[in-house]
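Everything below concerns the one structure shown next.
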Amino acid sequence: MDQNALQKQTRPLRRLIAARLGIRARNLRRQLSAVRRHVPAWMGRDLRYLAQAEDMARHPKLARLIDDRRLSRGKRRLTAQMRDMDRRSRRADWWLDIGGVIATNTVIVALLVIGVLVWRGLL
């Protein structure tokens, strides 16, 4: 598999990552560093293999070492997962997580204040 064929295969995936996560880059290697925080570990491994395959495809001898089955399976899994991602729901989940953390910390601080007041005999 040569470099141009591989880039043609990964171009739709790169566009999907840009559309769903808002991360744009010239190749998968550059997108990978920013995407890694936003996706599960298995997706990171598949993306890392695709990026490595893009690099390997530049060299004729290394291009023969690319596992086409693993490449197509990873591309298929990533495309399916990325199509299910929604930036709006991820943002809403993030805000709910922040609200939960703030509520939990507020309850803990209130319990500590009440505990100190009872311990000091003021309540």
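Here are a few things to note about the model shown:
- Within-13-Å neighbourhood charge of residue 94 [Cβ basis; K, R +1; D, E -1]: +2
- Placing R0 at 22 angstrom, the Cβ-Cβ distance between residue 11 and residue 88 gives a FRET efficiency of 0.30 after rounding to 0.05.
- Long hydrophobic helices in the chain: none of the complete DSSP H runs spans 27 Å or more by Cα along its own axis with mean Kyte-Doolittle hydropathy of at least 1.0.
- Percent RCO, i.e. relative contact order, over the chain, from Cα pairs under 8 Å lying at least 6 residues apart: 26 percent
- Other residues with beta-carbon under 11 Å from the beta-carbon of residue 44 carry, at +1 per Lys or Arg and -1 per Asp or Glu, a net charge of +3.
- Estimated FRET transfer efficiency when R0 is 41 angstrom, pair residue 41-residue 122 (beta carbons, to 0.05): 0.25
- Using a Förster distance of 25 Å, the FRET efficiency for residue 73-residue 2 (Cβ separation, nearest 0.05): 0.80
- Annotation note: trypsin sites (Lys or Arg not before Pro) in region 15-123 located in DSSP loop regions with a Cβ neighbour count of at most 10 within 10 Å are 26, 37, 64, 120.
- Charged-residue dipole, Cβ positions (Lys, Arg, Asp, Glu), the chain about Cα centre, Debye nearest 20: 660 debye
Values quoted throughout were computed directly from the atomic coordinates according to the rules given, and no laboratory measurement underlies them. Keep in mind it's a predicted model, so treat the numbers as computed, not measured. Cβ sites come from the backbone with ideal geometry, for glycine too, and all protein chains shown count toward neighbours.
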